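Visitor: Handing you a structure now.
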Amino acid sequence: MLAVAGPTAAELSQKPEAFAGWEQAASLLVREAYEEFLRNDTLPTLEREFGLGLTLMNLQPRTQHNLRRAREHLEHVAAQTEAPDPLHALARFFRARLLEFYLLPPDAAAAEAEYEALLELRTGSPVIEMAASRLIMLAVFSGAPPERIHQRLEELEKKRGLLVTPAGLREFHTTMAYALLDTGGSRGRAVDHFLAADRQGFARMASALRLWCTAGDIAASIGRVEDARYFYTQALENLPRDPRAFTLRERLAALPPSLSPASSP
Amino acid sequence: MSDTRRDVILNTIGFGLLIVCFAVALGRIAWLRAARASAQDGQPVVTLRIGHWQLESGLREAFDAIGREFERLNPGVRVEQIPVPERIFPNWLITQLVGGTAPDLIALGYGLTEERLARFFLPISDLADRPNPWNAGTDLEGVPLRETFLDGMDGGYFPALLEFYGVPLAVHTIRMYYNLDLLREITGEEKLPATFAELLELAKKAEDFSRRTGRPVIPIAGSKYNSPILMGRLFVSQTEGLGERLAYDFLANRPSQTFIAEGLAAGLWSVDSAEVRAGLSLLRAAGRHMQAGFMQLMRDDAMFYFVQGKALMITTGSWDVKSVTTQVPFRLGVGRIPYPLPGEPLAPYSLGPIADPSNLASSAFGLTRSSKHPELAKSLLLFLASRRGNQIFADHSEWPPSVLGVKPSKLAEPFAPFLQGRLGGFGLDFSGPDARREVNIAINRLVSPQGSVEAFLDALRPGYLSAVRADFQRLSRSSVSAAQRFDTTMGALAWMVGKDERGAAAAARKLEELLQTQNGADYFSRRVAQALQALEEAR
């Protein structure tokens with residue numbers, strides 16, 4: 001979790017308006033949040049500037065002019081702070097997002113370098129740890145030849161050692177599993193990643209169900225019967241009334257009896 | 001008497017009558033106010049209002065009954081409902097919301113974007129995780145609210161906002177409605193068809209009966225609203241195996257749009273594939289027994305044929321059951337639609353029985369931010385979601401209930417979700433509205449007497465790929481936008497976690513859900529872009 005600099009809880013309790021902009025931004029009320037950050041000069045300058053940068057990313061209409069202003073704000077916050085101030089890493093992370101996913105033309109190479117550097121900071125923040133997933137996506141959808149993508153995915157496997165939060169680990173393993181499947185990589189390794197993601201737990205059952213269904217089918221397709229049984233059972237036990245339950249039961253029943261000890265958790 | 005004098009007298013009488021009416025109205029308002037105040041020992045009456053568009057039979061009675069019960073349990077509270085016709089509901093809604101005059105509780109759906117929901121409605125995720133106090137004394141006492149719903153309250157969850165905003169009141173399903181009196185006349189018995197072959201046989205008997213007696217009888221009443229429900233499910237009964245071959249995650253992410261699009265671009269399937277042709281043959285077989293030009297007709301037109309006894313069958317949902325029952329002069333039968341099973345003629349690619357497509361509860365109600373009595377309104381919302389409240393709702397509306405342990409009415413029994421089957425494959429409109437429009441334009445060539453699968457495909461082929469491409473261009477923009485939108489939320493939550501002691505736990509929960517959702521949305525948007533590129537290259 002982020003260790004946060006800034007006003008203390010006691011200060012905040014005296015100034016409830018300190019969170020108005022953040023609460024609006026967290027509720028998709030981007031215009032209101034942006035205006036609040038513009039108006040509220042009681043906020044610390046850098047926090048306010050970070051808020052302006054974040055809201056400008058999604059202020060409608062989303063123009064390149066607004067996005068460039070967002071980038072300027074975030075770059076300024078990053079330059080004025082240092083690790084381990086959480087503002088520093090967050091400002092750099094969202095600047096990288098702007099580079100790869102918002103600004104035209106995108107600058108994937110710069111974003112990639114920034115994500116790599118952010119992971120090396122070992123912030124312990126789940127948001128910053130999403131950089132590992134973004135690196136995988138940049139590799140998979142780079143348009144490079146499959147062998148180059150697989151080589152890059154091999155390199156990115158090592159990023160796992162830089163992750164410590166359950167969310168960061170879960171999303172890293174999930175993304176890596178899909179990356180392997182989408183690029184014709186090893187199905188066995190994909191199943192291993194699905195298992196590792198599952199060990200971290202899920203916040204949304206709908207997402208968990210999708211993973212269990214896919215992981216079960218992939219495990220069954222390569223004869224990892226016990227893993228398939230584990231994933232199908234997880235899905236059925238957690239969501240017995242889902243419309244997919246009938247098919248899952250059919251697939252579970254069709255699995256051959258176990259010949260070897262379970263390899264799943 | 002001169003004309004002028006007569007005019008003066010008439011005007012005086014008219015004006016006098018106006019004054020009297022005004023005085024009577026004023027007196028009545030004053031009397032009602034006094035009566036209400038004295039009824040509550042001088043305490044003012046608090047009025048809660050519920051706004052909705054559900055004008056089907058039994059719905060207003062259901063909300064009235066719930067209101068009376070809530071009033072009995074909460075002296076000093078009045079519950080009023082504002083039923084608004086469906087067509088004007090979106091305009092009415094936005095006027096009320098912007099004007100700050102919205103009812104306390106409003107049906108969620110028509111006219112609501114996610115942004116409006118966030119701006120004008122209160123999230124109820126905190127309530128979802130706590131027991132519903134109105135369930136005290138039942139076996140749901142102490143159970144978190146979300147776990148008291150058949151669907152885990154998913155019908156009230158809005159993934160883009162990462163919050164629960166509504167409590168859903170019913171679980172709707174689609175069934176075939178039958179005119180039992182007509183069925184007996186035609187077949188000499190009241191046995192509902194159990195297989196697709198039996199359905200077609202029954203439709204043929206109805207046509208023979210019509211010819212023999214000279215009495216016009218439409219076997220299946222169709223419209224552009226009712227028919228796609230039946231035909232869409234018939235079609236997907238043939239494409240499940242194809243979908244599984246195209247997408248490794250088909251069961252998880254049906255219809256796995258990106259893989260199906262890439263498969264189309266790569267020539268792994270086309271509108272001429274055997275599975276597609278089999279699905280189209282089923283559509284022709286069913287559509288041939290609907291009235292001519294049914295795709296140009298509205299929902300009410302089809303319903304009119306049925307309630308007038310001019311059609312033997314109609315496909316519609318549980319929301320219509322009470323309206324139909326109260327309108328028809330014949331006995332009503334309701335049964336599951338007999339989709340084709342493996343081994344049936346015309347259905348070589350069926351893999352098993354077809355289940356209801358979803359068990360998601362719907363007809364959700366949310367709490368407006370402008371409510372002048374938010375705590376009482378919250379209590380009313382929870383009462384609607386309680387076993388007792390949902391039982392009252394189910395009894396009067398005859399809609400299938402959404403809360404665990406609530407008994408469906410006799411009429412609602414046939415609508416219990418059927419989950420002992422498969423979900424089927426994908427439709428030709430898998431990509432979105434442009435492909436759907438191409439199919440609808442060509443559909444008459446499939447179902448008209450002189451039509452055929454070949455004629456339909458000849459009409460569909462020229463524009464199909466470009467329609468799918470247009471759908472993917474739109475999907476690409478919307479999926480990127482959805483993934484981008486989460487960034488601001490993610491940054492705000494990351495900042496709030498650990499800083500705002502009042503909302504830290506809620507922010508942490510939302511952040512955890514968001515990270516999972518956003519990562520998936522981001523990946524999906526890139527897959528869509530890749531599929532779009534493949535479609536562009538397949539020009």
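Visitor: In the range A:160-184, what count of residues is obtained for those that are of a type in the set (D, E, K, R) and either surrounded by 21 or more Cβ atoms within 10 Å (Cβ to Cβ) or part of a loop (DSSP other than H, G, I, E, B) (or both)?
Guide: Residues in the range A:160-184 being of a type in the set (D, E, K, R) and either surrounded by 21 or more Cβ atoms within 10 Å (Cβ to Cβ) or part of a loop (DSSP other than H, G, I, E, B) (or both): 2 in total.
Visitor: Identify all residues within the range B:148-186 that are β-branched (V, I, T), within 13 Å of another protein chain (Cβ to nearest Cβ) and surrounded by 23 or more Cβ atoms within 10 Å (Cβ to Cβ); write none if there are none.
Guide: Within the range B:148-186, B:V171 is the sole residue that qualifies.
Visitor: Among the residues in the range B:32-50, are any modelled with pLDDT of 75 or more, more than 25 Å from B:I66 (Cα to Cα), surrounded by 10 or more Cβ atoms within 10 Å (Cβ to Cβ) and of a type outside the set (A, V, I, L, M, F, W, C)?
Guide: Within the range B:32-50, not a single residue is modelled with pLDDT of 75 or more, more than 25 Å from B:I66 (Cα to Cα), surrounded by 10 or more Cβ atoms within 10 Å (Cβ to Cβ) and of a type outside the set (A, V, I, L, M, F, W, C).
Visitor: Could you tell me which residue of the range B:439-455 is surrounded by the most Cβ atoms within 10 Å (Cβ to Cβ), considering only residues that are touching a residue at least 60 places away in the same chain (Cβ under 8 Å) and small (G, A, S)? Can you show your working first?
Guide: Kept after step one, since they are touching a residue at least 60 places away in the same chain (Cβ under 8 Å), are these residues of the range B:439-455: B:440, B:443-444, B:446-449, B:451-453.
Now drop any that are not small (G, A, S), which leaves B:448, B:451-452.
Values: B:S448: 16, B:G451: 18, B:S452: 15.
Among those residues, the one meeting the criterion is B:G451.
Visitor: A:S142 is checked against (1) within 11 Å of chain B (Cβ to nearest Cβ); (2) free of Cβ contacts under 8 Å to residues at least 12 places away in the same chain; (3) surrounded by fewer than 17 Cβ atoms within 10 Å (Cβ to Cβ) and fails just one. What number does that condition carry?
Guide: (2)
Visitor: Continuing with this model, one more query. Residues that are more than 25 Å from B:L404 (Cα to Cα): list the strands (runs of 3 or more DSSP E) wholly contained in the range B:282-385 that include at least 2 such residues.
Guide: So the answer is B:311-317, B:332-335.
Visitor: From A:E112, A:E120, A:E100, grab the single residue that is more than 12 Å from chain B (Cβ to nearest Cβ), more than 21 Å from B:K510 (Cα to Cα), more than 14 Å from the chain's Cα centre (by Cα) and free of Cβ contacts under 8 Å to residues at least 40 places away in the same chain.
Guide: Among A:E112, A:E120, A:E100, only A:E112 is more than 12 Å from chain B (Cβ to nearest Cβ), more than 21 Å from B:K510 (Cα to Cα), more than 14 Å from the chain's Cα centre (by Cα) and free of Cβ contacts under 8 Å to residues at least 40 places away in the same chain.
Visitor: Determine which member of the set B:R477, B:R461, B:R436 is among the charged types (D, E, K, R) and touching a residue at least 24 places away in the same chain (Cβ under 8 Å).
Guide: B:R461
Visitor: State whether one or more residues within the range B:331-347 are more than 21 Å from B:Y178 (Cα to Cα) and crowded, with 19+ Cβ neighbours inside 10 Å.
Guide: yes
Visitor: Next up: Only one of B:P144, B:P168, B:P159, B:P131 is more than 19 Å from B:Q516 (Cα to Cα) and in contact (Cβ under 8 Å) with a residue 24 or more places away in the chain; which?
Guide: Numbers: B:P144 fails: in contact (Cβ under 8 Å) with a residue 24 or more places away in the chain; B:P159 fails: more than 19 Å from B:Q516 (Cα to Cα); B:P131 fails: in contact (Cβ under 8 Å) with a residue 24 or more places away in the chain.
None of the others qualify; the one that does is B:P168.
Visitor: Still on this structure, please answer the following. Mind checking which pairs have a first residue in the range B:66-89 that is in a helix (DSSP H, G or I) and a second that is modelled with pLDDT of 95 or more and aromatic (F, W, Y), Cβ under 8 Å, 6 or more apart or different chains?
Guide: Short answer, once both residue conditions are applied: B:I66/B:F383; B:I66/B:F393; B:E69/B:F383; B:F70/B:F383; B:L73/B:F383.
Visitor: Right, next: Among (1) touching a residue at least 12 places away in the same chain (Cβ under 8 Å); (2) farther than 16 Å from A:E171 by Cα; (3) within 7 Å of another protein chain (Cβ to nearest Cβ), which single condition is B:R527 missing?
Guide: Here B:R527 meets the rest and fails (3).
Visitor: I've got another one for you. Only one of A:L54, A:L43 is in contact (Cβ under 8 Å) with a residue 12 or more places away in the chain, assigned to a helix (DSSP H, G or I) and either out of contact with any Ser or Thr (no Cβ under 6 Å at 6 or more places or on another chain) or facing chain B (nearest Cβ under 8 Å) (or both). Can you tell me which?
Guide: The match here is A:L54.
Visitor: Here's a follow-up. Every residue in the range B:516-528 that is more than 12 Å from B:Q257 (Cα to Cα) and of a type in the set (G, A, S), please.
Guide: B:G520, B:A521
Visitor: Now a separate question. Do you know which residues across the range B:71-104 are surrounded by 15 or more Cβ atoms within 10 Å (Cβ to Cβ) and under 30 Å from A:V30 (Cα atoms)?
Guide: B:F89, B:P90, B:W92, B:L93, B:I94, B:Q96, B:L97, B:A102, B:P103, B:D104, listed by residue number.
Visitor: Looking only at the range A:192-226, which residues are in a loop (DSSP other than H, G, I, E, B), within 12 Å of chain B (Cβ to nearest Cβ) and either buried (at least 19 other Cβ atoms within 10 Å of the Cβ) or not polar (S, T, N, Q) (or both)?
Guide: A:G201, A:F202, A:A203, A:R204, A:I222
Visitor: Looking at B:S270, B:S281, which one is in contact (Cβ under 8 Å) with a residue 24 or more places away in the chain and not charged (D, E, K, R)?
Guide: Unique residue meeting the criteria: B:S281.
Visitor: If you don't mind, another one. Give the residue, chosen from A:P84, A:P61, A:P126, that is more than 22 Å from A:E32 (Cα to Cα) and either surrounded by fewer than 24 Cβ atoms within 10 Å (Cβ to Cβ) or away from chain B (no Cβ under 13 Å) (or both).
Guide: When all the criteria are applied, what remains is A:P84.
Visitor: Continuing with this model, one more query. Return the total of residues in the range B:187-238 being assigned to a loop (DSSP other than H, G, I, E, B), under 23 Å from B:D300 (Cα atoms) and under 28 Å from the mean Cα position of the chain (by Cα). Steps first, please.
Guide: Quick first cut of the range B:187-238, residues assigned to a loop (DSSP other than H, G, I, E, B) only: B:188-195, B:214-217, B:222-226, B:237-238.
Those left that are additionally under 23 Å from B:D300 (Cα atoms): B:215-217, B:222-226.
Among the residues that remain, those that are also under 28 Å from the mean Cα position of the chain (by Cα) are: B:222-226.
So the answer is 5.
Visitor: Which of the numbered conditions does B:G491 fail, given that it passes all the others? Conditions: (1) touching an Asp or Glu at 6+ places or on another chain (Cβ under 6 Å); (2) within 12 Å of another protein chain (Cβ to nearest Cβ).
Guide: The one condition B:G491 does not meet is (1).
Visitor: Can you name every residue in the range B:352-363 that is surrounded by fewer than 23 Cβ atoms within 10 Å (Cβ to Cβ) and more than 14 Å from chain A (Cβ to nearest Cβ)?
Guide: Result: B:S362, single match.
Visitor: Another question, then. Tell me the residue from B:E262, B:E190, B:E240, B:E207 that is within 14 Å of chain A (Cβ to nearest Cβ), in contact (Cβ under 8 Å) with a residue 24 or more places away in the chain and touching a strand residue (DSSP E or B) at 6+ places or on another chain (Cβ under 8 Å), please.
Guide: Numbers: B:E262 fails: touching a strand residue (DSSP E or B) at 6+ places or on another chain (Cβ under 8 Å); B:E190 fails: within 14 Å of chain A (Cβ to nearest Cβ); B:E207 fails: within 14 Å of chain A (Cβ to nearest Cβ).
From the options B:E262, B:E190, B:E240, B:E207, the qualifying one is B:E240.
Visitor: Tell me, yes or no, whether the range A:161-175 has at least one residue that is of a type outside the set (A, V, I, L, M) and more than 10 Å from every other protein chain (Cβ to nearest Cβ). Reasoning before the result, please.
Guide: Kept after step one, since they are of a type outside the set (A, V, I, L, M), are these residues of the range A:161-175: A:161, A:165-166, A:168, A:170-175.
Okay, now just the ones that are also more than 10 Å from every other protein chain (Cβ to nearest Cβ), so A:161, A:173.
Yes, the conditions are met somewhere in the range A:161-175.
Visitor: Would you check if there is a residue in the range B:105-123 being more than 26 Å from the chain's Cα centre (by Cα), crowded, with 22+ Cβ neighbours inside 10 Å and not β-branched (V, I, T)?
Guide: no
The values are calculated or read from the model by the stated rules, or taken from the named source; none is laboratory data. Because the structure is a prediction, the values reported are computed rather than measured. No Cβ is skipped: glycine too gets one built from the backbone with ideal geometry, and neighbour counts run over all protein chains shown.
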